[in-house]
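Read the figures in this text as sums done on the coordinates, not as results from a lab. Treat the numbers as computed from the prediction; the structure is a model and nothing was measured. As a convention, Cβ positions derive from the backbone with ideal geometry for all residues, glycine included, and neighbour counts pool all protein chains shown.
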Amino acid sequence: MVVLTRLDGKELVVNADHILTVEATPDTVLQLTTGLHLMVREPTDEVIERVAEWRRRCAGAPERRGAVVAFPRGVPPAED
């Protein structure tokens, strides 16, 4: 998820997996996989960097390492 700013100054959080295209027209316009178009204040290179940073965090996920995972009763963890 990436935090971006609408043209009116309000923040919104966008699921980066749903961003299909980012283009400057001259405002930055995001096209989502749902067909929705969003105009944001951030320039295209900033949007790309935020998405890349989000993907790096997801790939590394250091805050999840060593976490305890609880399974619902009767559902054992999958065996490798």
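Observations
- Put simply, the convex hull of the Cα atoms in region 2-63 casts, on average, a shadow of 4.4 nm².
- The label point for Leu7 and the one for Glu53, both projected 7 Å from the Cα toward the Cβ, are 2.5 nm apart.
- Dipole magnitude of region 1-54, debye to nearest 20 (Cβ charges: Lys/Arg +1, Asp/Glu -1, about Cα centre): 200
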